[in-house]
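A.B. asks: Submitted below is the structure of interest, expressed as structure tokens.
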Amino acid sequence: MPLKKILFFVFLLPIAVHAQSLQAFKEAQLSASRVQEAWKKYNDVLAKDFKINKLTYPPQSVYIRAFKAQNELEIWVKEPYQTTYQLYKLYHVCALSGLLGPKRKEGDKQVPEGYYYIDEFNPQSEYHLSMRISYPNYIDSLTGKKNALGGNIYIHGGCVTVGCLPMTNDTIEEIYILVLNAKLNGQENIPIHIFPTRLNKGGWHFLVKEYANHLDYQAFWMSLKPGYDYFEKHHKILPTMYSEDGKYVN
């Protein structure tokens with residue numbers, strides 16, 4: 001076989017494997033009864049709402065931000081051929097456990113804080129529908145309790161929690177279909193960034209005052225702030241990088 005054909009084949013092989021994997025994922029999701037019901041209820045509604053907001057549906061890319069103190073979760077979307085995100089919708093997180101501050105160990109009931117991505121869509125969740133957050137990440141493994149970090153942190157339905165981001169069943173159906181559509185549209189990594197509060201001037205003043213004795217928390221939150229500030233200014237996400245001492249570096 002000529003060299004050009006060999007190189008062309010090698011280049012196409014990962015694309016073909018990814019396409020097959022994505023198709024299998026799509027078939028598995030859309031064959032689940034809860035996803036089918038949510039799709040019928042919300043897919044057309046979302047498409048119409050995107051059109052009203054002059055946005056393309058399904059979205060090319062979504063970005064999720066959550067703020068624990070405000071019980072809020074935002075979904076931002078990126079238009080085709082654009083580099084910046086636009087806010088699509090703000091959702092209410094209907095319950096929270098724990099306090100402000102990162103999750104450090106299994107059983108502490110803390111909602112994680114930091115930079116993660118969605119790594120699983122569960123259509124048969126105990127809590128209706130759920131999307132798993134990629135906790136623990138590298139920072140968590142450095143700063144948390146060794147071999148006892150916990151896991152299985154989700155955005156899910158049911159409106160109950162011991163460390164997750166719970167929604168009502170109707171809300172998780174809408175979010176699940178929206179984010180699933182981005183995945184099916186080719187977005188491999190769906191980022192979710194979880195903050196203790198909005199890290200604006202008022203939010204930072206609150207953290208410094210209320211957590212004056214938690215210098216470790218303040219140092220951790222300070223490492224989150226550059227990424228937060230950059231997104232607020234540019235509506236773009238900085239690459240996630242880590243220091244050896246367990247801080248985010250931007």
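The values are calculated or read from the model by the stated rules, or taken from the named source; none is laboratory data. Computed from a prediction, not measured in an experiment: that's the story for all the values here. Cβ sites come from the backbone with ideal geometry, for glycine too, and all protein chains shown count toward neighbours.
A.B. asks: Restricting attention to region 105-137, report how many residues are closer than 14 Å to Lys183 by Cβ and among the charged types (D, E, K, R).
C.D. replies: Total satisfying the criteria: 3.
A.B. asks: It is to be established whether one or more residues within region 229-245 are of a type in the set (Val, Ile, Thr) and within 15 Å of the chain's Cα centre (by Cα).
C.D. replies: yes
A.B. asks: Looking at (1) exposed (fewer than 15 other Cβ atoms within 10 Å of the Cβ); (2) modelled with pLDDT under 95, can you tell me which one Asp229 breaks?
C.D. replies: Condition not satisfied by Asp229: (2).
A.B. asks: Let me confirm something: among Ile190, Ile177, Ile194, which residue is buried (at least 18 other Cβ atoms within 10 Å of the Cβ), among the β-branched types (Val, Ile, Thr) and either within 18 Å of Cys94 (Cβ to Cβ) or more than 15 Å from the chain's Cα centre (by Cα) (or both)?
C.D. replies: Details: Ile190 fails: either within 18 Å of Cys94 (Cβ to Cβ) or more than 15 Å from the chain's Cα centre (by Cα) (or both); Ile177 fails: either within 18 Å of Cys94 (Cβ to Cβ) or more than 15 Å from the chain's Cα centre (by Cα) (or both).
Unique residue meeting the criteria: Ile194.
A.B. asks: Taking region 107-125 on its own, how many of its residues are in a loop (DSSP other than H, G, I, E, B) and at pLDDT 95 or above?
C.D. replies: Final tally of qualifying residues: 4.
A.B. asks: Tell me yes or no: at least one residue of region 79-99 is part of a strand (DSSP E or B), closer than 23 Å to Val45 by Cβ, in contact with a Gly (Cβ under 8 Å, 6 or more places away or on another chain) and without any contact (Cβ under 8 Å) to a residue 60 or more places away in the chain. Lay out the reasoning, then the answer.
C.D. replies: In the first step, residues of region 79-99 are kept if they are part of a strand (DSSP E or B); the result is 85-92.
From the residues that got through so far, the ones that are closer than 23 Å to Val45 by Cβ too are 85-92.
Next cut, in contact with a Gly (Cβ under 8 Å, 6 or more places away or on another chain) only: none.
Checked against the condition, which is being part of a strand (DSSP E or B), closer than 23 Å to Val45 by Cβ, in contact with a Gly (Cβ under 8 Å, 6 or more places away or on another chain) and without any contact (Cβ under 8 Å) to a residue 60 or more places away in the chain, region 79-99 yields no hits at all.
A.B. asks: Continuing with the same structure: Among residues belonging to region 60-95 that are touching a strand residue (DSSP E or B) at 6+ places or on another chain (Cβ under 8 Å) and at pLDDT below 95, point out the one that is nearest to Phe206 (Cα to Cα).
C.D. replies: It comes out as Ala95.
A.B. asks: Which condition breaks for Gly98 when tested against (1) surrounded by fewer than 19 Cβ atoms within 10 Å (Cβ to Cβ); (2) at negative phi?
C.D. replies: With (1) surrounded by fewer than 19 Cβ atoms within 10 Å (Cβ to Cβ); (2) at negative phi applied to Gly98, the lone miss is (2).
A.B. asks: Quick check on my filter: what residues within region 233-242 are surrounded by 12 or more Cβ atoms within 10 Å (Cβ to Cβ) and either out of contact with any Phe, Trp or Tyr (no Cβ under 6 Å at 6 or more places or on another chain) or within 24 Å of Gln86 (Cα to Cα) (or both)?
C.D. replies: Of everything in region 233-242, those that are surrounded by 12 or more Cβ atoms within 10 Å (Cβ to Cβ) and either out of contact with any Phe, Trp or Tyr (no Cβ under 6 Å at 6 or more places or on another chain) or within 24 Å of Gln86 (Cα to Cα) (or both) turn out to be His234, His235, Lys236, Ile237, Leu238, Thr240, Met241.
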